[in-house]
1. Starting from the Cα of Ala346, step 7 Å along the direction of its Cβ; do the same at Ser316; then give the gap between the two resulting points in nm.
2. Over all directions, how big on average is the projection of the convex hull of the alpha-carbon atoms in the chain, in square nanometres?
3. Once all Cα-Cα distances of segment 179-275 are split into 10 Å bins that start at 0, what whole-number percent is in each one?
4. Please list, in chain and number order, the residues 5+ apart from Asn321 or on another chain whose amide H is under 5 Å from its amide H, with Hs placed from the backbone.
5. Once R0 is set to 22 Å, what does the formula 1/(1 + (r/R0)^6) return for the Cβ-Cβ distance between Thr218 and Ser309, expressed as a FRET efficiency to the nearest 0.05?
6. What residue among Val76, Val171, Met452 has its Cα farthest toward the positive end of the dipole of the chain, where the charges are +1 on Lys, Arg and -1 on Asp, Glu, each on the Cβ?
7. Would you mind checking segment 186-224 for residues with the amide N under 19 Å from a putative spin-label position 7 Å along Cα→C-beta of Thr476?
8. For segment 284-391, which whole percent of the accessible surface, found with a 1.4 angstrom probe, sits on carbon and sulfur atoms?
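The values are calculated or read from the model by the stated rules, or taken from the named source; none is laboratory data. These numbers were taken from a predicted model, which means no experiment stands behind them. Cβ: placed from backbone, ideal geometry, glycine included. Neighbour counts: every protein chain shown. These accessible areas exclude ligands, DNA and RNA; they are computed on the full protein's heavy atoms, side chains included. Shrake-Rupley method; radii C 1.70, N 1.55, O 1.52, S 1.80 Å.
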Amino acid sequence: MFAHNFQVKTPLLDAIKGYVEDDHAAFYTPGHKQGRGVSQKMRDLLGSQVFKADLTELANLDNLAAPEGVIKEAQVLAAAAFGASESWFLVNGSTAGIIAAILATCGDGEKIILPRNVHKSAISGLILAGAIPVFVQPEYDRILGIAHSITPEGVAHALQEHPDAKAVMMVYPTYYGVCGDVEAIANLAHQYNIPLLVDEAHGPHFSFHPDLPPAALTKDADLTVQSIHKVLSSLTQASILHVQGERIDRDRITKSLQLLQSSSPSYLLLSSLDAARQQMAVSGKELMTHTLQLADLARKEISKIPQLSVLELNPSAGFVNLDRTRLTVTVSQLGLTGFASEDLLAQQGVIAEFSSEKHLTFIITLGNTQADIEKLVQSFQKLAQEHLREKSLANFSKSMYSTRLYFDKKTPKLSPRQAFFAATETLPIKRAVARICAEIICPYPPGIPVLMPGEVITPDALEYLLNMQAIGSEITGCADATLKTLKVVKDE
Ligand SMILES: Cc1ncc(COP(=O)(O)O)c(C=O)c1O
């Protein structure tokens, strides 16, 4: 996929190094002037070197909105390393890339097929574009309480009913590392001559090891967005959007990103993408071999602990592959929720990525060590010893039933954009039933909206939200996070 000799280059990092090492009087932004003006408290915490590299679009540092120099060079290297024809660096996370993907493919009133358990950034994209969502229900494992991928069958059905859709979007892998059939879904989209857009936020490492699931681009996706910061080594917010083939209008991607991204992009973020790409292009296979070994060790040892189980590949139409570096441990047999276990593990110095009602999910990456895995296993052993199944199973099974994942199957009454801009009123939650929701309401984690602007508020949705809140999930996206009131579209 790439040639090592040119992949050792780091054009963007090198350009920054020049400024870091050069002694000059700075009369440009940022105001801290390479750290000289930074608060002492900040300097004590972070040291001074990092601020020297916190630069702006200076001579020889190129321009993210219209790159022609070192940013362009770094993006070309990234495209080659990740198997794309063209790549765009993102400084506002995959969020910006997902919104740009929607803006570049769907106009006002045009349809896009996407999973109901899509990340909230896609809902933001719908609002900004004015696009109409055609939701496909993901496969849902009722026993585990985990939503997987959308299936080829679901997408085929949506395409038959909406042959005028302008794009299909899928999440690959899910937050749990579950991969759907990206190849079959790409083929279906292409039969209608529309692109497959992939939210691959959690899969940028896939390109670098044959034992990981295949990268979406190798299975004919037209566009993918990857959070390099989530599983590789770039700084938080640094992501990449990749494109291949002719179905995506590249000028529209550039124009959309110009709308969305800062005119003062952080060069710490940009150069961290250059460095992370070089690291993976040169040593990715070795690093991923080690990461997979650590993940396999954790899976093996935790599976041995009575009452705990680890999410393993269990093939179905919405679960054709699993990223083994994503570890989901079911704790419900201990009589604990994932939320409670998360707190107990944190007391032992182990911090999970997120918890859900029955599970805890851990991201294992090139940054983890053998010592981390040992600590994780030991903490689970201790947790299991201290919380025997009998202790609180009765309480738990009640909550298991009541927080069944809720997805509404009805088409929204208004488009997300119409609802977002409509006149609204705030009502006590009970009086909001049957009204049109005016905000995104999203338990976090896992960041899957339960209600979104334009949808009719049903008693089921409210019950699910209240139950999630009761067991410790934070409700985000709505003005009143306590859920006492909800914003609804005003009746005419
Ligand atoms: C599935 C998925 N897509 C997109 C995003 C947004 O990515 P970012 O945080 O890089 O903006 C996230 C973030 O958690 C995510 O989980």
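1. With each label placed 7 Å out from Cα toward Cβ, I get 3.1 nm.
2. Spelled out: convex hull of the Cα atoms, projected over all directions, averaged, 24.2 nm².
3. For segment 179-275, the pair-distance distribution reads 15, 41, 34, 10, 0.
4. Cys179
5. Working from the Cβ atoms, E equals 0.10.
6. Among Val76, Val171, Met452, the one farthest towards the positive end of the dipole of the chain is Met452.
7. Residues passing the 19 Å test: 199-203.
8. Answer for segment 284-391: carbon and sulfur cover 51 percent of the accessible area.
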